[in-house]
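Below: the structure, in structure tokens.
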Amino acid sequence: MAHRDLIALFISDPSNITYLTGYTTPSGYVPQGLVVTMADEEPTLVLRAMDAPAGVHQSFMDRDKVIAYPESLIGRTDRSGCDVVVQTLRDLGVVTGGIGLELSNLSAQAADRFRSALSEARVRDFTDVVTWLRIVKSDLEVEVLREAAAITDAAMTCASEVIRPGAHEANAVAEICRTLVRGVDGKPGGRIPDIALCSSPRTGTAHIPWSDDVFRQGSQVNLELAGVRHAYAAPLMRTFSVGAPCERLLRVHDAHMAGMDAALATIRPGATCGDVANAFHRTYEKQGIGWLEPTASFQEGDMTVLKPNMTFHLMLGNWFDEDFGYMISETIRVTEGGVEELTNTPRKLFVL
């Protein structure tokens, strides 16, 4: 903030609010946010009235730092929670200096409302700045990620047990969800992220959920899930074959395994994200890394330098036709000397 000559921030990205306060309630579908000032020790969280008690329970701030705006502001066009945020900034005496907004997370209407109401301030875009600050994890954050990864492993083990010929996809996912909530070693999961279960003939898709179908002999299943602890997720993708896999699947799997090995061998402090992508591409011609982050991402040309305790979901996937695709991934941490794979699920094609 000092570097950008800002005296206050309005943080509206839900993940950044969680990072700065501990608040995890999924309430971002209405105006809400966090006011951070240079002068105040604690930030101020502005929420609709029905969500304010969750802010009190989940965040570390004093009770008077959680501001509840009335339910009468919901669903109106003339007034909204944004007006309460502006009033909070006024009450804190920070409306005449530089104010940072995460503009990419605001609707055009909300951004215009803020600019109009803060006409005496210098409004600056602060998008992704907190996200970049989050990229290097503390030792405590890494430990929580390991706990999340243990839940992920348990859920993948469960998947290998419940994906069977004749089993309903929904019933299998229900058992996986049970594991994601129950957790491991008395440490339960914090939520259930979207689960992608793409089975034959839908393996050419990437993100669809389970269907009304049943698993059949000869089917392929591409599965993506994540264990979560305190909002820290450890995602993982694996491919399953119900019965003997076809030659095409075996060939694609072997190519991706070689690419994954090459990518992991390249990860070390001082290397760039682009170096990792290039190592993969040299081994496997088609680009297979799919999840592009708003900050650093393993793609060609990304010059972000890797540092210890950066964590990533390294995803390899190819979708060749509308009825055939393959994916595998690892959640990893950059270490002082290389890379740590946070999950322990075997990196293999599961043949059931």
Practice item. Report the residue count in segment 98-143 for those that are within 22 Å of T295 (Cα to Cα) and among the aromatic types (F, W, Y). Key: 2
Exercise for review: Would you mind telling me which numbered condition in (1) at pLDDT below 95; (2) closer than 19 Å to E141 by Cβ E322 fails?
Suggested key: (2)
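Quickly run through segment 95-115 and pick out the residues that are of a type outside the set (G, A, S) and modelled with pLDDT of 95 or more. Steps first, answer last, please.
Taking segment 95-115 and keeping what is of a type outside the set (G, A, S), we get 95-96, 99, 101-103, 105-106, 109, 112-115.
Those that are of a type outside the set (G, A, S) and modelled with pLDDT of 95 or more: I99, L101, E102, L103.
For residues that are without any contact (Cβ under 8 Å) to a residue 40 or more places away in the chain and open to solvent by 40 Å² or more (accessible area, probe 1.4 Å), scanning just segment 134-165, find the one that is nearest to R178 (Cα to Cα). Outline the logic, then answer.
Keep residues of segment 134-165 that are without any contact (Cβ under 8 Å) to a residue 40 or more places away in the chain, which gives 140, 143, 158, 161-162.
Among the residues that remain, those that are also open to solvent by 40 Å² or more (accessible area, probe 1.4 Å) are: 140, 143, 161.
Working: L140: 26, E143: 23, E161: 13 Å.
If we take residues in segment 134-165 being without any contact (Cβ under 8 Å) to a residue 40 or more places away in the chain and open to solvent by 40 Å² or more (accessible area, probe 1.4 Å), then E161 is nearest to R178 (Cα to Cα).
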Check your understanding: So, in segment 116-135, of the ones that are in a helix (DSSP H, G or I) and in contact with a helix residue (DSSP H, G or I) (Cβ under 6 Å, 6 or more places away or on another chain), which residue ends up modelled with the highest pLDDT?
Key -> V130
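Tell me yes or no: at least one residue of segment 98-112 is in a helix (DSSP H, G or I), over 28 Å from T304 (Cβ atoms) and in contact (Cβ under 8 Å) with a residue 40 or more places away in the chain. Outline the logic, then answer.
Filtering segment 98-112 down to residues in a helix (DSSP H, G or I) leaves 103-105, 108-112.
Still in the running and over 28 Å from T304 (Cβ atoms): 108-110, 112.
When the remaining residues are screened for being in contact (Cβ under 8 Å) with a residue 40 or more places away in the chain, the result is 110.
Yes, segment 98-112 has at least one match.
Rundown of residues vs (1) open to solvent by less than 40 Å² (accessible area, probe 1.4 Å); (2) over 15 Å from L101 (Cβ atoms), yes/no style:
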position	(1), (2)
A2	no, yes
I7	no, no
S15	no, yes
T21	yes, yes
L34	yes, no
E41	no, yes
M50	no, yes
P53	no, yes
V56	no, yes
Point to revise | Number of positions in segment 321-352 that are within 19 Å of the chain's Cα centre (by Cα) and open to solvent by less than 10 Å² (accessible area, probe 1.4 Å) | key: 8
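If only one of D254, D261 is over 29 Å from E147 (Cα atoms) and more than 19 Å from the chain's Cα centre (by Cα), which one is it? Before you say what the answer is, go through the steps one by one.
Values: D261 fails: over 29 Å from E147 (Cα atoms).
Answer to the check: D254.
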Exercise for review: For residues that are of a type in the set (D, E, K, R), free of Cβ contacts under 8 Å to residues at least 40 places away in the same chain and in a loop (DSSP other than H, G, I, E, B), scanning just segment 13-60, find the one that is nearest to D112 (Cα to Cα).
Suggested key: E42
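If you take the residues in segment 278-313 that are of a type in the set (V, I, T), modelled with pLDDT of 90 or more and open to solvent by less than 40 Å² (accessible area, probe 1.4 Å), which one is nearest to R333 (Cα to Cα)? Lay out the reasoning, then the answer.
Narrowing segment 278-313 to residues of a type in the set (V, I, T): 283, 289, 295, 304-305, 311.
In the following step, the residues that additionally are modelled with pLDDT of 90 or more were identified as 304-305, 311.
If we keep only those that are open to solvent by less than 40 Å² (accessible area, probe 1.4 Å) as well, we get 304, 311.
Numbers: T304: 15, T311: 4 Å.
Filtering segment 278-313 for residues that are of a type in the set (V, I, T), modelled with pLDDT of 90 or more and open to solvent by less than 40 Å² (accessible area, probe 1.4 Å), the one nearest to R333 (Cα to Cα) comes out as T311.
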Review point. Out of the residues in segment 87-102 that are open to solvent by 10 Å² or more (accessible area, probe 1.4 Å) and either in contact with a helix residue (DSSP H, G or I) (Cβ under 8 Å, 6 or more places away or on another chain) or among the hydroxyl-bearing types (S, T, Y) (or both), which is nearest to L47 (Cα to Cα)?
Key: T88
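The values are calculated or read from the model by the stated rules, or taken from the named source; none is laboratory data. Quick caveat, the model's predicted, so the values are computed rather than measured. Reconstructed Cβ throughout: ideal geometry from the backbone, glycine too, with neighbour counts over all protein chains shown. These accessible areas exclude ligands, DNA and RNA; they are computed on the full protein's heavy atoms, side chains included. Shrake-Rupley method; radii C 1.70, N 1.55, O 1.52, S 1.80 Å.
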